[in-house]
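A short write-up of the structure that comes next.
The values are calculated or read from the model by the stated rules, or taken from the named source; none is laboratory data. The model shown is predicted, which means the values in this text are computed figures rather than measured ones. So basically every Cβ, Gly included, is an ideal-geometry build from the backbone, and we count neighbours across all protein chains shown.
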Amino acid sequence: MRRLLPILLAVLTACAGATSRDKGALVPLRLDEDALTTAYTPRRMALLVGISEFDDPQWRGLRYPAKDATDLAATMLDPTRGRFDQVRVLTKPEETTRAAILAALKRLREEAHRPDDVVVVYFSAHGTLARDAKGELRRYLVTRDASYRAIAQTALPMDMLKAEFDALPSRRRLLVLASCHSGNGKSLLPKELEKELSGVKSGFYARPLEESSRASMVFAACDWGETAREDEGLRNDIYTHFLVEGLGGGADRNSDGAVTATEAHDYARRRTFAFTEGRQRPSAEVLEVGADPIVLSGSISRTGRPELFSYNPRLDGFILKVDGEPRTELPGGAAVVPGKRTVELTKGDAVLMRRDVEVAAGERLPLEQLLSEAFPRRSLSLLGGFFTFADARSRAELLPMAPEATLSLRLEDRPLRDFGLLFDVGFSTGRRELRLRPDGDVPFRYTTLTAGVAMPYLWRWERLTLFAGPRVAGLYLGRSFEGDNSVGGQSYFTVSPGVVAGMVLRVGERLELTAQSQLMLTYVVVDGVGQAVGFTGGWAGVGYRF
């Protein structure tokens, strides 16, 4: 709003200068082009917090959080690299209380009000765990005034921090946490909690904060259950040291002149892992569409090399190979030479995907997209099951439960992503008896034929897919009674609406086990009387993806 003030004053001045006779007439207005451009130019803003000292002596002091924040600020304010418009650093005792930090976050929300503003929030401090008022284990950031014996009441809950971060209007926001909670390094746990958790595997007892909201990135200096470390030789938090180093230009892996948030994190992650000999593995939650929108250093001055990347937790630990050479362990990314490349995802001796792709300069290609395209999305299944009417009267007068063979074709992500098209044809024939006379049963032969089309929604987890949705089907039922000329042959045909549901379990690269059921509503005429009846069926079998 402050940047728009000169424009608003100009408008008000022009309006005030018009006489009563001019009311409603056009007023010449000159706007300063530079002021207008400045008002609508996205800004780059950062809030950096380093907490080294604490009021409660139970929290041991840290050596470098204040230096971490100031070193990062210097890089961001560097006119040749970061070029941030505003960087606020909170390191003084009065600036690092819980109330002061929340007030600074709210102020940032008011200032960074444009959706395309770049906003970075950084914390270097102790992290810890404690139970809240409901007895649930939560993560907390240890502020300067946090009490060791009243953590839940005095420290800053990570849930609250996340809520303030999510409330930022910007779509280009980054949260960096140089803290941990495992009881070592930049963390302390109350003794009773340490004892309680001593036999519990990390990650089981609480979920990490790194489940960020859409259009945001959350970087953590260590993985869930690990320790974030300071180093006397580096004179920084280890992850922060390499993050700052990467912003100096070394993290520009695609050589386009700019260092994006994901490039900086990948650079710091690899070097932190190597420096700590694998004891500290920085983690990330990245939700983005297309190009990484957060440029932290430099500017894009040329078309960069193509990049392959993934930050999907399902691919953690997989090795990205390009033209047979290992490039990086996921999560992360790698820049490649433009042209036709052979891309592989492997873990040990297992190969999840191998594809030949053509990549162009400047292209950023998510590995999930390649995986989706490489994986067959069509399936043909042979199923066996039963067909029956839903009500007892129809089973008694039309047809009892009968076996049925079905052929099903499923097309996934058609016509929309996470939807499918399902076509099926079922057939049944055989001999049954109906009790139409008091003195005995009347035998008859029957033939059923069903053909349906459905558009279910798909829920997919690893090798399991569940689906459900609307279905339309045609039903033909033919009957011929034996030895009774008074009844003769009968046939019915109807088109029916209904629903279908099922599940698919992949047991190999192409082979799958599948099951599905249906519930349909139809209208038939029995002995001259029409009635609405339901019919249903269930099948199971094997399918082949192609």
Q: Filter the stretch 242-252 for residues that are in contact with a strand residue (DSSP E or B) (Cβ under 7 Å, 6 or more places away or on another chain), in contact (Cβ under 8 Å) with a residue 60 or more places away in the chain and surrounded by fewer than 24 Cβ atoms within 10 Å (Cβ to Cβ) and give the result.
A: GLY249
Q) Among the candidates LEU8, LEU36, LEU31, which residue alone is out of contact with any strand residue (DSSP E or B) (no Cβ under 6 Å at 6 or more places or on another chain), more than 22 Å from LEU234 (Cβ to Cβ), in a loop (DSSP other than H, G, I, E, B) and at pLDDT below 60? A) LEU31
Q: Could you check how many residues of the stretch 163-186 are at pLDDT below 85 and in contact with a strand residue (DSSP E or B) (Cβ under 9 Å, 6 or more places away or on another chain)?
A: 8
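Condition check ((1) within 30 Å of VAL500 (Cα to Cα); (2) surrounded by 14 or more Cβ atoms within 10 Å (Cβ to Cβ)) across all residues:
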site	(1), (2)
LEU315	no, yes
ARG327	no, yes
VAL337	no, no
GLU358	no, no
ALA374	yes, yes
Q: Report the residue count in the stretch 247-275 for those that are under 13 Å from GLU307 (Cβ atoms), out of contact with any Asp or Glu (no Cβ under 7 Å at 6 or more places or on another chain) and in a helix (DSSP H, G or I).
A: 1
Q. Across the stretch 372-402, what is the total count of residues that are out of contact with any Lys or Arg (no Cβ under 9 Å at 6 or more places or on another chain) and of a type in the set (A, V, I, L, M)?
A. 4
Q | Condition check for LEU345: out of contact with any Lys or Arg (no Cβ under 9 Å at 6 or more places or on another chain), touching a residue at least 12 places away in the same chain (Cβ under 8 Å), of a type outside the set (Phe, Trp, Tyr) and surrounded by 15 or more Cβ atoms within 10 Å (Cβ to Cβ) | A | no
Q.
Being assigned to a loop (DSSP other than H, G, I, E, B), surrounded by 17 or more Cβ atoms within 10 Å (Cβ to Cβ) and not small (Gly, Ala, Ser) is the requirement here; does ARG81 meet it?
A. yes
Q | Listing of strands (runs of 3 or more DSSP E) fully contained in the stretch 314-388 that carry 3 or more residues being modelled with pLDDT of 90 or more and over 28 Å from ILE300 (Cα atoms) | A | 339-347
(Q) Name the residue that is surrounded by the fewest Cβ atoms within 10 Å (Cβ to Cβ), counting only residues in the stretch 395-420 that are among the small types (Gly, Ala, Ser) and within 29 Å of THR447 (Cβ to Cβ). (A) ALA396
**Q.** The listed residue being assigned by TED's automatic domain parsing to the domain that holds GLU245, under 30 Å from ILE300 (Cα atoms) and outside any loop (DSSP other than H, G, I, E, B), out of ALA100, ALA69
**A.** ALA69
Q) What is the number of the single condition among (1) modelled with pLDDT under 90; (2) closer than 30 Å to MET353 by Cβ that TYR267 does not meet? A) (1)
